[in-house]
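Contents: one structure, followed by commentary.
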């Protein structure tokens, strides 16, 4: 666009209008012809300089980057803070299909599905929660925004698998749950999608009661239970919930992780509530959970090997 504007500017300055009227005589024909010749020559030289100095170098850069005529985006496959700041308010203003169009532009820029989940959609959900806590938007607005985000998550996750799939061996099973009263639990959706796309068999319960959690781990085998906490009111009863999970679990060596806003700035709190680990985002949680389950598996076979 800049090149086009410069070409228009050069053309305008190279061909000024003839001005005639009362008190002004038209230029002689031979003078006018000479002026036009000089103007045309200057226009041609200016256009040549423009092509040589700007247009050709840009085409060469685009070709070397394999962009088929489109210069490579310097942001590459990263999601920047400006991307989140632009995207998050849109969740309150437009429908999911328009949000998906915005996400598709990021995908075209080279952003992976995993990066979208962890670095765009999850932070956008956290920002919505902050807007609600600061009374800058109401509960209904936030709920609708999170519902639209969930639609986007399911759409991009359903298109294709991403990440490294789990190799041969036992399938790991995980149960992810937000606790009763945690109505804004988008983090549970993100972590469920990420683990599922990396070879885990996952189950998710939104706003799970304690009895519902116990019934689920008692009836099915899970290697991992992940609890998302977004409300401070759940910190006090959390130690007893974690203990009950371990006692009720069909798997006596079940690993328990906790996550959510309250643990991001205070990771030590996870230890105090009796959990095995925590993580600041879903990508790191995937690695921590794998390490925990692997460690339990090694402990289970060590007496035999001895």
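The values are calculated or read from the model by the stated rules, or taken from the named source; none is laboratory data. Just so you know, these numbers come straight off a predicted model, no measurement behind them. FYI the Cβ positions are ideal-geometry reconstructions off the backbone, even for glycines, and counts take in every protein chain you see.
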For residue 289, the lone unmet condition from (1) closer than 17 Å to residue 175 by Cα; (2) in contact with a helix residue (DSSP H, G or I) (Cβ under 6 Å, 6 or more places away or on another chain) is (2)
Give the number of residues within the stretch 249-266 that are farther than 18 Å from residue 182 by Cα, surrounded by fewer than 16 Cβ atoms within 10 Å (Cβ to Cβ) and touching a residue at least 12 places away in the same chain (Cβ under 8 Å). 2
Take residue 290 and decide whether it is over 16 Å from residue 187 (Cα atoms), modelled with pLDDT under 95 and surrounded by 14 or more Cβ atoms within 10 Å (Cβ to Cβ). yes
Looking at (1) over 28 Å from residue 224 (Cβ atoms); (2) in a helix (DSSP H, G or I); (3) modelled with pLDDT of 80 or more, which is the only condition residue 132 fails? (3)
Among the residues of the stretch 105-122, the number that are part of a helix (DSSP H, G or I) and farther than 23 Å from residue 191 by Cβ is 2
How many residues are in a helix (DSSP H, G or I), touching a helix residue (DSSP H, G or I) at 6+ places or on another chain (Cβ under 8 Å) and surrounded by 14 or more Cβ atoms within 10 Å (Cβ to Cβ) when one looks only at the stretch 82-104? 10
Looking at the structure I just gave you, is residue 195 modelled with pLDDT of 85 or more, closer than 28 Å to residue 80 by Cα and crowded, with 22+ Cβ neighbours inside 10 Å? yes
By my count, strands (runs of 3 or more DSSP E) wholly in the stretch 175-275 with at least 2 residues that are within 23 Å of residue 115 (Cα to Cα) and not assigned by TED's automatic domain parsing to the domain that holds residue 287 are none
